[in-house]
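S.K.: One structure follows; several queries about it will come next.
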Amino acid sequence: MSAAPALSVVIPLYNEEENIPILQRELTAALAGLDYEIVFVDDGSRDATIAKIAPDAEGRIRVLKFERNAGQSAAMYAGLHAARGRVAALLDGDLQNDPADIPRLVAEIERGAADLVCGYRAKRKDTVVKRITSRVANFVRSRFTRDGVRDTGCTLKAMRKECVSALVPFVGMHRFIPALVKGAGFRLMEMPVNHRPRQFGVSKYGLGNRAIRATVDMFGVRWLLSRQLRYRVASDAPPPGS
């Protein structure tokens, strides 16, 4: 594709070989009629994830391959910066996010309702323990960072390309995308999205990095937001002597 597409869908992948064929079929159906590209970011998979990605005749499929596993935040950050679309959408590669929701989020941006639209899992298909810990973590994080988002753990999001400039590259960044984007002055909104049980593979994230690491990161993000430069240029001043 020579011209930049209207939409880039960024999908981080780590050992998702069984999910790829299904995911690509669902994406093709969900994005039919849209001008898009798909940016798969392979985060050092040790299985046949890369081999399972099928190219398409229109050249819409792009693949970034990390030399080694760097984590979900790194995959998202690299993918978003590689995206060429005016709007970028984030989607998990494990089939728990539904690609059919992407056009709904993008439509809100195109009509000017927000710069970042965050999906939230209204009916989660996770274990009871995972739902409870996630709910507590989201409650604390939302009030501490003041992002006002109820489910930052939901990867499914869509944003104007300009929002990417607000992101800071650090391990754990993916949990604080709404806080960073809102802190940069962009507008946010939430939409309920479909959530599905995992069919293949295993979750890559446990209690340790959900709770302990997220708590440490939360203090760092709060500090960063409190130290932001805040200014507006009133007008361009004429050069001296003019």
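S.K.: Can you tell me the FRET efficiency between VAL168 and ALA32 if r is taken as the Cβ-Cβ distance and R0 is 30 Å, rounded to the nearest 0.05?
M.R.: 0.25
S.K.: With label points built 7 Å along Cα→Cβ from the Cα atoms of GLU108 and VAL63, find their separation and express it in nm.
M.R.: About 3.3 nm, to one decimal.
S.K.: Oh, and also: With respect to the cross-link table entries LYS52/LYS182; LYS65/LYS157; LYS52/LYS157, which display a Cα-Cα separation exceeding 28 Å? Could you put the intermediate results ahead of the total?
M.R.: Values: LYS52/LYS182 37 Å; LYS65/LYS157 22 Å; LYS52/LYS157 25 Å.
Exceeds cut-off: LYS52/LYS182.
S.K.: Ok, one more. Enumerate the amide H contacts of MET191 below 5 Å, restricted to partners 5 or more residues apart or on another chain; note that Pro and chain-start residues carry no placed amide H.
M.R.: CYS118, GLY119, TYR120
S.K.: Then there is this: May I ask you to compute the full-extension gain from ARG227 to ARG196, defined as 0.36 nm times their residue separation minus their alpha-carbon distance, rounded to one decimal in nm? Walk me through the numbers on the way to the answer.
M.R.: On the way: separation 31, 0.36 × 31 = 11.16 nm, distance 3.88 nm.
Difference between extended and current length: 7.3 nm.
S.K.: Something else about it: If amide hydrogens are placed 1.01 Å from N in the peptide plane, which non-local residues have theirs closer than 5 Å to the one on VAL41?
M.R.: ILE11, LEU13, LEU64
S.K.: Moving on to the next point. For segment 1-78, just run the numbers: alpha carbon Rg, then divide by 2.2 N^0.38 Å, N being how many residues it has. Walk me through the numbers before you get to the answer.
M.R.: Values: Rg = 12.4 Å, N = 78, 2.2 N^0.38 = 11.5 Å.
Taking N as the residue count of segment 1-78, the ratio is 1.08.
Quick note: the coordinates plus some simple rules give every number you see, no bench work behind them. Just so it is clear, the model here is predicted, and its values are computed rather than measured. Backbone-built Cβ (ideal geometry, glycine too); neighbour counts: all protein chains shown.
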